[in-house]
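Below you'll find the structure, written out as structure tokens, and then a few comments.
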Amino acid sequence: MLASLASVFSLMVSTLLMMVGFGLQSYVIPVRSVAENWSTLTVSVIATGYTVGFTISCVVTPKFVLRVGHVRVFTALITLLSIAILLCGLIVDWRAWIVFRAIAGFAISGSYLVIESWLNERVTNENRGLLFSLYLITTMVGTIGGQYMVPLGDPTNTSLFMLCSVLFSLALLPTALSSSPMPAPPAQAKFDIPALFRRSPVAVVGGFLAGALSGAWLNLGGVFTQKIGLSTAEGATLLASLLTGSALSQIPIGRLSDKIDRRIVMVGCGSVGVISCLVMSASIGSQPAVLYIIAAFVGSVLFPIYALNVAHANDLAKPNEYVETSSGLMITYGLGTISGPLMVGPVMDRFGPAALFLVLAVYFALYGGYAAWRILRREQHKGLVVKTDFQATSVMPTPGPDVTSPAALQAAQEPLIDDDTVPAWENPRP
């Protein structure tokens, strides 16, 4: 076990530094946008640039890795991250920021792919849970730590932008100097979203709504904290509270969904989301401590719901469809993250910051309501090949190891059990 931890130590250090920079970047950008008196719609358009870049990278980055390898691609992507945030500090124009944020989204998505592919090469069945839990903790701690760096500087000048660039540059060193063997190239996954929808409508619709929810919050949550009058330190704590709620709830939600129909859990998560968002909307002006608690309840369902959709889709997929399923959901989620800020921004401009949580409540209602409707339309086990294990995800779902690793390709090639002799939902995993 110690040898396994040692083999990924440099990778974890790089991940931690990158996520500290990511957390700082994701908070300083909206704070500076508010300081420039840009409208919430303008901030939403800037955020859309980021999500578009993120989604494109899911498809494009594996091609670069195949050509030049993981380390060179990771170096190029982190360099792009560093350049993009520096340009945001030097050229304070919202039209230019759309381009800069698109570059950042492309780079961070590709960096996730490289890190997770590399990590997957170092794990075994015996230590997979421990190492990926360590990875998720690292991303969470780094993001929260970066958000708490905003009060240390002045977002209206270039100091925090320069600090963010320094953090990204430092993230290069541990991986670039690592002596560990390079991971195998990722798979080139195909996308067939219509076929995925026919097989699992609730996974596709739920994945899109999960993307809209997280895209709206991740890009406009910082604006919300500024608009309701919180200090940067209080705003950082509210953002951290939401992430903490997500971290604490992922495993309980996942374990419950392993025991019962996952769609019932989706309905429950949608209900909790609606109630907590409405309470948050009505509680603006309360003591910050009250807002922190409510934010934790919102976070407890906001991020984990995507993993529910992935698990449900894989339940209904044959082994040779796992890669295609994960890839299709990744794109669906990306399209949702693009739409979220664009839908919420104009509403916040028109009705004020409280409208953010009102719209999130509508999204949660659609999420839970559609899952409930699908329960009435199809029995739990209809089409089920094997109920897969729930896997918690990082805050922003990425092209992870199940999509890109050689192990995934090997699983996709394994033969199926004869479905004519064994009920589909009773088939053990090959």
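Taken over segment 269-285, the criterion of being open to solvent by 30 Å² or more (accessible area, probe 1.4 Å) and at pLDDT 90 or above is satisfied by S271, V272, V274, I275, L278, V279, A282, I284.
For every residue, the table says whether it meets (1) small (G, A, S); (2) in contact with a Cys (Cβ under 6 Å, 6 or more places away or on another chain); (3) outside any helix (DSSP H, G or I); (4) at pLDDT below 95.
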| residue | (1), (2), (3), (4) |
| --- | --- |
| W38 | no, no, yes, yes |
| V52 | no, no, no, yes |
| I56 | no, no, no, yes |
| V59 | no, no, no, yes |
| V65 | no, no, no, yes |
| V73 | no, no, no, yes |
| L77 | no, no, no, yes |
| L87 | no, no, no, no |
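Filtered by the rule that a residue be among the hydrophobic types (A, V, I, L, M, F, W, C) and in contact (Cβ under 8 Å) with a residue 12 or more places away in the chain, segment 283-295 gives I284, L291, I293, I294, A295. I'd like to check something: does segment 149-172 contain any residue that is open to solvent by less than 40 Å² (accessible area, probe 1.4 Å) and modelled with pLDDT under 80? No: segment 149-172 contains no residue that is open to solvent by less than 40 Å² (accessible area, probe 1.4 Å) and modelled with pLDDT under 80.
Every listed requirement among (1) among the aliphatic types (A, V, I, L, M); (2) at pLDDT 90 or above; (3) surrounded by 19 or more Cβ atoms within 10 Å (Cβ to Cβ) is met by I83 save one, (3). The set of residues in segment 331-375 that are surrounded by fewer than 24 Cβ atoms within 10 Å (Cβ to Cβ) and under 16 Å from L196 (Cα atoms) comprises I331, L335, R374. Filtering segment 29-68 to residues that are open to solvent by 10 Å² or more (accessible area, probe 1.4 Å) and more than 20 Å from L81 (Cα to Cα) leaves V34, A35, E36, N37, W38, S39, L41, T42, L66, R67.
The C-beta contact set for segment 259-278 (first residue closer than 16 Å to L356 by Cα, second residue assigned to a helix (DSSP H, G or I) and open to solvent by 60 Å² or more (accessible area, probe 1.4 Å), distance under 7 angstrom, 6+ apart or interchain) comprises S276/F297.
Checking every residue in segment 250-268 against the condition of being part of a helix (DSSP H, G or I), polar (S, T, N, Q) and either modelled with pLDDT under 90 or more than 17 Å from the chain's Cα centre (by Cα) (or both) gives at least one match.
Against the list (1) at pLDDT below 90; (2) buried (at least 24 other Cβ atoms within 10 Å of the Cβ), the condition V20 fails is (1).
The values are calculated or read from the model by the stated rules, or taken from the named source; none is laboratory data. What you are looking at is a predicted structure, and each value in this text was computed from that prediction instead of being measured. Please note: Cβ atoms are built from the backbone with ideal geometry, for glycine as well, and neighbour counts cover all protein chains shown. Side chains are part of the model used for accessible areas, which takes the heavy atoms of the whole protein and leaves out ligands, DNA and RNA. Shrake-Rupley method; radii C 1.70, N 1.55, O 1.52, S 1.80 Å.
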